[in-house]
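Asks: Got a structure here, written out as structure tokens. Questions coming.
The values are calculated or read from the model by the stated rules, or taken from the named source; none is laboratory data. If you're wondering where the values come from, they're calculated on a predicted model, not measured in any experiment. Note that each Cβ is placed from the backbone with ideal geometry, even for glycine, and that neighbours are counted across all protein chains shown.
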């Protein structure tokens with residue numbers, strides 16, 4: 001499992017005092033209220049930043065880092081990703097997973113047929129959608145609902161699904 005988890009991307013600066021605008025990669029945007037620090041990775045070098053202030057604007061997070069006090073300093077962070085150390089994160093609720101842990105899982109039907117691997121995950125508003133890709137590149141889109149997703153086993157890197165009529 002990955003040691004660091006991406007939680008957002010710095011997409012722009014905000015104001016003239018060094019704040020950055022972050023596109024969050026989380027279901028709970030308020031999680032930023034509880035963070036004391038994050039890591040920013042650039043060119044395979046990960047640097048720790050202490051968070052001084054967090055604000056919210058539309059669906060974005062505005063963050064002021066200690067030591068980033070000018071627009072020019074904040075500009076250097078544009079397009080970089082924010083990460084947290086997995087070991088410092090609270091445990092997830094039962095049946096909740098980090099996307100990075102699901103990507104690459106082998107997906108089998110409940111009849112034992114290999115359907116492919118999880119290639120991507122996105123949200124359509126009502127639920128997550130798992131993009132399953134087979135060895136020929138054909139895609140199958142499955143909603144992440146209990147009627148479809150029957151078992152996820154991260155240790156065996158395997159997911160069992162039930163294909164509802166009309167999904168294929």
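Asks: So which of 41, 17 ends up being assigned to a strand (DSSP E or B) and either in contact (Cβ under 8 Å) with a residue 24 or more places away in the chain or exposed (fewer than 15 other Cβ atoms within 10 Å of the Cβ) (or both)?
Replies: After applying the criteria, what remains is 41.
Asks: Is at least one residue of the stretch 58-70 exposed (fewer than 15 other Cβ atoms within 10 Å of the Cβ) and not in a loop (DSSP other than H, G, I, E, B)?
Replies: No.
Asks: If residue 101 passes every condition in (1) out of contact with any strand residue (DSSP E or B) (no Cβ under 7 Å at 6 or more places or on another chain); (2) surrounded by fewer than 14 Cβ atoms within 10 Å (Cβ to Cβ); (3) under 30 Å from residue 164 (Cβ atoms) but one, which one does it miss?
Replies: For residue 101, the failing item is (2).
Asks: Could you please let me know if residue 47 is in a strand (DSSP E or B), at pLDDT below 95, out of contact with any helix residue (DSSP H, G or I) (no Cβ under 9 Å at 6 or more places or on another chain) and not assigned by TED's automatic domain parsing to the domain that holds residue 156?
Replies: no
Asks: Here is a further query. Can you name every residue in the stretch 108-128 that is under 17 Å from residue 95 (Cβ atoms) and in a strand (DSSP E or B)?
Replies: Result: 118, 121, 123, 128.
Asks: A follow-up question, please. Does at least one position in the stretch 143-161 carry a residue that is touching a helix residue (DSSP H, G or I) at 6+ places or on another chain (Cβ under 6 Å), surrounded by 12 or more Cβ atoms within 10 Å (Cβ to Cβ) and under 24 Å from residue 8 (Cα atoms)? Give the steps one after another, and end with the answer.
Replies: The first filter runs over the stretch 143-161 and keeps only residues touching a helix residue (DSSP H, G or I) at 6+ places or on another chain (Cβ under 6 Å), leaving 154.
Now narrow it down to the ones that are surrounded by 12 or more Cβ atoms within 10 Å (Cβ to Cβ): 154.
Imposing the further condition that a residue be under 24 Å from residue 8 (Cα atoms) reduces the set to 154.
Scanning the stretch 143-161 turns up at least one residue that is touching a helix residue (DSSP H, G or I) at 6+ places or on another chain (Cβ under 6 Å), surrounded by 12 or more Cβ atoms within 10 Å (Cβ to Cβ) and under 24 Å from residue 8 (Cα atoms).
Asks: Within the stretch 57-73, does at least one residue satisfy the condition of being touching a residue at least 40 places away in the same chain (Cβ under 8 Å), at positive phi and in contact with a strand residue (DSSP E or B) (Cβ under 8 Å, 6 or more places away or on another chain)?
Replies: The answer is no, given that none of the residues of the stretch 57-73 is touching a residue at least 40 places away in the same chain (Cβ under 8 Å), at positive phi and in contact with a strand residue (DSSP E or B) (Cβ under 8 Å, 6 or more places away or on another chain).
Asks: Could you say which residue among 77, 136, 140 is surrounded by 14 or more Cβ atoms within 10 Å (Cβ to Cβ), assigned to a loop (DSSP other than H, G, I, E, B) and over 15 Å from the mean Cα position of the chain (by Cα)?
Replies: Answer to the check: 77.
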